[in-house]
Every structure is written in structure tokens, then in C-alpha cells.
Amino acid sequence: MNKTSSFLLTVLAYLMLVSCSPRDRYVVIAGFAQGGTYSVKFNLKGEDGMVEKNVEEIRDSIDAILSRIDNSISGYNRKSLLSRFNSGQEVVPDRIFIDVFKKGYDLYNETGGVVDVASAPLFDIWGFGFTRDSLPDASSLDLALAASGMDRMKHDIGSVIGNEGTISPSSLLLKDGPLPKLNYNAIAQGYSCDLVASYLYSIGVKDMLVDIGEIFCDGMNPSGQPWTLGIDRPVDGNDERGADLQAIFKSPGGPCGIVTSGNYRKYYVKDGRKYSHSIDPRTGYPVSHSLLSATIVAQDALTADAYATYCMVVGLHEAQLFIEETPGFEGCLIYDEDGQMKTWTSSGFILSPMD
């Protein structure tokens, strides 16, 4: 999640567009959430006829979902369950808190510690977490490393919930040392997309594009074609999404999450050296390699979100091997080779022509 979370305004736009059928009616719900904007486009004509809920009800339900996520797992909302947990307080975890913790633990094991939601101390000390520190000395870095790692905590969060329904950070500890601190920035927006998509499915929606910083899509766009999504050119200063594109991805028409991670927006320069927000939790240091951005397509947005981060940590060669050898993943990797920007795509990653 980004640095501020607010739900200040929601805008409805009705798109009466020609599509697969004259009864199709596409709607856009847009607003502010998780420190940025969100947009949900969907067809009110579902697989079994028109969706029965009105647009205002759908808008309110989406806002409620995003608000629950913010109040549960945002590290920038000082009153959220996560913020209070990170400060050492007992909390009463909700379903979102428990679900994301479990998913984070599984990702830690799957990636060999590359995706580690318990590495908040490392991101904080480098200035990419919930604080603004930067350039730590070796001793501070050692302390942050010792305080990080999902392997310091119990996997079964449900086993430590007390009679009052509470958990404390100390009850999760497996090893001596500082209390755990969590940072879900690598998966929170993807998770948000998936929850909103799950809600839309539950009311009968089939054609959808959910954009909350990361993207989940399914079905067709208003023109009756699979959704197409731009991949930004990963150059420093390209801060406006869609303003300068490197490629255009064409979705397969079925459900998928698509997420891009890169080092061209979140970084700082000190003493002539660039420090990126892609930190390797195994070493404690920001990565330095030729991979500029990784776009991952997976079964859901949380998985795509996590593994886009994974690819940015491990670098070009390991990312290529992972994408090629792992069923259910496609990818587009943009990298630097001798000062030239190049693009590699997996066989199932469909690019549309650039106009």
C-alpha cells in the first residue's frame, strides 16, 4: 500500500458502448484508495443476465471492501490492525489480517525468503517502508536483519489466538529477539484487486478490469475484445502511468492478475549512487542488476504482485528461468544491455502492436 490511504471521493461513469451484444452496459467506478486512485470497469450484463444490484450498491460495496483492507493491513494507517501490531500491541485479527499473514508465510517458503513480508525493519531502515531512514551503517543493518524473517514466527496464526480473540506479536515468535514487524507492500494491492474481483463474481459479473495500482481482469472489454494493458517504459522520471509505454499486453480473455514491478519510481540517489526499493531480504541490501522492470501474469493479482517483486530481486536470468519453468506464469522483462533497453517475453505473453 502507498503512503496514505483515503476514501474521499467515488465517481461513477456509465459507458453505453457497442460491444458483444446491444444489451451490454459497461460501467466505470473510480475513486481514491490506498494513497492513489482506483478504477473498476465491468459489464452489468453477466453470464446469467443483467446484474441485479444497482451501481450505487456496487460502488458502496467496493468502497467498504477497500476500507476494511485499509483498516486491517495498511502500514500507513496508524490505527490499522497492522500498525498497532507492529507497535507491539495486542490486536483482534480480522479475516483479512489472518488471510494475508498466511499468504505471506506461504510466499516466504515458496520463494526461499525472497518475498518476506516480515522484513519491515529492512525497508524502514533503507527508507522504503513506514519511516524515512536511509543509508544504514553495517551494525544497524545487522540489527534489522536479525529482526526480520517470517521464519522467526509461527506459521499457524490461528494457534496463538487467545480466548478473547486477540494475538500479540510476542505470541507469534519462534525465536528470541525483537518483536516482529510486518510490511505487506509487496502483496496488498494485488490482494485488494482479488477481493474486489471476488465480490464482482459473487454478484454475477464476468467481464471486468479491476485496477488498484495492480490489475485483475477477466472476460472482454467494451469492444468485445480481450482487455489490453500498457506496460510503462522503465525510465527514471516516468511517473505517470500510461504516459510513456514500452509495450502493450493483450490478456488471454480469462481471469488473470497482471502486475509490473520496477525500480524507476521508488528510489533515491545519495553520493551519486541510486538505491532502489527492491531490497533482497536475504542480504538486507537493495539489488543492483540489469533488470529494469518485471511484468508478471498469474492466476490472481496477489500472486502476480508477489512474483513481480520476486523477479526484481533475483534479476534477469533467474527471473527468466522461473517464468519459463513454472506453470501458470507468463512474463515480460525489460532490461538494460550495454546501455540499450531490451524486452524479453515468455511464449504465452501476448503483445499487441504499438500504435
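Dipole orientation for region 81-172: of the candidates Ile98, Pro169, Ser87, Ile98 has the Cα lying most toward the positive pole (charges on Cβ; Lys, Arg +1; Asp, Glu -1).
Note on region 81-172: with charges restricted to the Cβ of Lys and Arg (+1) and Asp and Glu (-1), its dipole about the Cα centre is near 160 debye.
Taking 30 Å as R0, compute the FRET efficiency from the Cβ-Cβ separation of Gln89 and Ser39 and round it to 0.05. The partial results should precede the final answer.
Details: r = 35 Å, r/R0 = 1.16.
Computed FRET efficiency for Gln89 and Ser39 comes out at 0.30.
When every alpha-carbon pair in region 59-163 is counted, what percent end up more than 16 Å apart? Before the final figure, lay out each step's value.
Values: 3534 of 5460 pairs.
The proportion of pairs with Cα distances above 16 Å equals 65 percent.
Among the listed pairs Lys79/Lys103; Lys206/Lys342; Lys103/Lys206, a Cα-Cα separation exceeding 31 Å is found for Lys206/Lys342. Its Cα centre serving as origin, region 288-343 has a Cβ charge dipole (Lys and Arg +1, Asp and Glu -1) of approximately 80 debye.
A simple packing score, the average count of other Cβ atoms within 10 Å per residue, orders the peptides 47-57, 215-225, 141-151, 166-176 as 215-225, 141-151, 166-176, 47-57, with the highest score first.
Treating r as the C-beta distance of Lys342 and Asn163 and R0 as 56 Å, the FRET efficiency rounds to 0.45.
Here Asp106 and Arg68 are evaluated by their C-beta separation; at R0 = 22 Å the FRET efficiency comes out at 0.50.
Size of region 151-226 from its Cα atoms: along the principal axes, largest to smallest, the extents are 58, 26, 15 Å.
Read-outs throughout are calculated quantities, based only on the coordinates presented, and are distinct from any laboratory measurement. Just so it is clear, the model here is predicted, and its values are computed rather than measured. Neighbour counts run over all protein chains shown; Cβ positions are idealised from the backbone, glycine included.
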